[in-house]
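Here is the structure we will look at.
The values are calculated or read from the model by the stated rules, or taken from the named source; none is laboratory data. Predicted model only: the values in this text are computed from it and were never measured. Here the Cβ positions follow ideal geometry from the backbone for every residue, glycine too, while neighbour counts run over all protein chains shown.
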Amino acid sequence: MSARTYLLTVGAFAIGTSAYIVSGVLPAVSRELNISHATAGQLLTAFAIAYAVSAPPLAALTGRWERRTLLVAALGVSAFGNLLAAVAPNYPLLLTARVISALGAAVYTPAATLVATVLTPPERRGRAVALVFGGLTFSLVLGVPAGNLLGGPLGYQGVFALIAAVSGLAALAVWRWLPRVEAPPVVRLRERFAPAADRRVLMVLGLTVIACLAVFSVFNYIAPLLTETAGVEGVMISVLLVAYGLGGVFGNWAGGRLTDRFDPRKLLVVLVGCFTVVLATLPLTLTTPVSAAVALFVWGALTWSTNPPTQSWLIALAPGSGGLLLSLNASAIYLGVGLSGVVGGLVISWVGLVALAPIAGLLAAVALVMLFFAMRPVKGEGSDEPQDPPNALVVVSPPSGELAKQWK
């Protein structure tokens, strides 16, 4: 894999840590601002909703930008937002800072994913997408547990300051070592959004929202949940978060390779079905440190293995609008994440922490049903996507900037 793709992964690590750090510093934010866990969890909601709403219009507005410049600007905005969070003395300003960070993330993730496919041979693009998302999963291995550990001695301000520094360094590295990648050809706004009307695209985006809602309604509150079910606190929670993150890294790696070998649609059926079962049974498995570590590893692996096949399927459905669909998919992910903060808070208030996982399992089952509907052929076609096989990808040729369909 190209070293340039690894550079994109570093940026994704900074973005991922910025996105998910609230799960690690939630106790510190709750303690220092004297607010409840449910209220502190809305910091993730603010980030996620801002990301979901802003990603498609920002993709359209920056469509003519040279890609390296766009990535550097996105990392710079993220760094500024985290720096503002580091000096925020109250909850409203902290919410504002989270929204600013989300704007940078909304631009970076889909742009970095598409650039990775440009810099990679066709037969390895599933793995390239997985590698970029590997930065997000590695943020769960290192960033979130580190935030949980450092939230005590440094406070949430110190943790956000560190994230701002990492984001700034990533921006400098991208500017220094990533080659220029010209923007794709200009497409009229109506044509750009036309693929979103495809029933299959809408179903894939919808199931992404529901699946992320299911996963993150539990993950947002994993620290207090582990304390209640397994009786663990402090350092042990950080260790268990590392187990989840390691599972995510493994699942993302495996998902990329499996996507290059199998039909992404059938692969998703297996993966979503398995993590539905894992979610529903978490109250039975998060009872001791050892069983919790195993359950969190498996849960992380199954959850993060779904990204490569989902992205490949979307690009295959509308090859000429790959960048937009990746932005829409990123919006769907963060819409689910944002709603999870609200849904999780309501479940905690009405039913209790332990009820989170079974309810999340039901939501995951809904996503599985939607997946089957998304796989049904469009009326009038002899078979499902006869002209767009699951692993077809569209890339922008760096020398000419001309769109070309690359078939496996």
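Of note:
- Pair list, Cβ under 9 Å, 6 or more apart: the stretch 193-215 residue part of a helix (DSSP H, G or I), other residue modelled with pLDDT of 80 or more and of a type in the set (Lys, Arg): ARG199/ARG376; ARG200/ARG376; MET203/ARG376
- Boolean, PRO283 is touching a residue at least 24 places away in the same chain (Cβ under 8 Å), of a type outside the set (Lys, Arg), part of a helix (DSSP H, G or I) and farther than 30 Å from ALA60 by Cα: yes
- Residue identified as over 20 Å from the mean Cα position of the chain (by Cα) and surrounded by fewer than 24 Cβ atoms within 10 Å (Cβ to Cβ) among ALA73, ALA50, ALA38, ALA46: ALA38
- Pairs where the first residue, in the stretch 242-264, is modelled with pLDDT of 85 or more and the second is among the basic types (Lys, Arg), C-beta under 7 Å, 6+ apart: ARG257/ARG127
- Count of the stretch 216-241 residues, restricted to those that are among the hydroxyl-bearing types (Ser, Thr, Tyr), surrounded by fewer than 23 Cβ atoms within 10 Å (Cβ to Cβ) and either under 16 Å from THR306 (Cβ atoms) or in contact (Cβ under 8 Å) with a residue 24 or more places away in the chain (or both), is 2.
- From the list GLY155, GLY135, GLY143, GLY104, the lone residue that is in a helix (DSSP H, G or I), closer than 30 Å to ARG261 by Cα, out of contact with any Pro (no Cβ under 8 Å at 6 or more places or on another chain) and not polar (S, T, N, Q) is GLY135.
- Lone unmet requirement of (1) at pLDDT 75 or above; (2) under 28 Å from ILE21 (Cα atoms) for VAL118: (2)
- Single residue of PRO195, PRO184, PRO153 found to be under 30 Å from ARG376 (Cβ atoms) and at pLDDT below 85: PRO195
- Criterion applied to ALA88, ALA3 was being touching a helix residue (DSSP H, G or I) at 6+ places or on another chain (Cβ under 6 Å) and either among the aliphatic types (A, V, I, L, M) or on the phi > 0 side of the Ramachandran plot (or both), and the one residue passing it is ALA88.
- Residues of the stretch 68-90 that are assigned to a helix (DSSP H, G or I), farther than 21 Å from TYR334 by Cβ and not aliphatic (A, V, I, L, M): ARG68, THR69.
- Tabulated pairs, the stretch 344-369, first free of Cβ contacts under 8 Å to residues at least 12 places away in the same chain, second of a type outside the set (D, E, K, R) and part of a helix (DSSP H, G or I), C-beta under 9 angstrom, 6+ apart or interchain: LEU346/ALA38; VAL351/ILE359; ALA355/PRO283; ALA355/VAL347; ALA355/ILE348; VAL369/LEU207
- Candidate set: the stretch 339-358, residues that are under 22 Å from the mean Cα position of the chain (by Cα) and modelled with pLDDT of 80 or more; chosen: the one nearest to GLY63 (Cα to Cα): LEU339
- Residues of the stretch 255-294 that turn out to be crowded, with 24+ Cβ neighbours inside 10 Å and among the small types (Gly, Ala, Ser), as a count: 3
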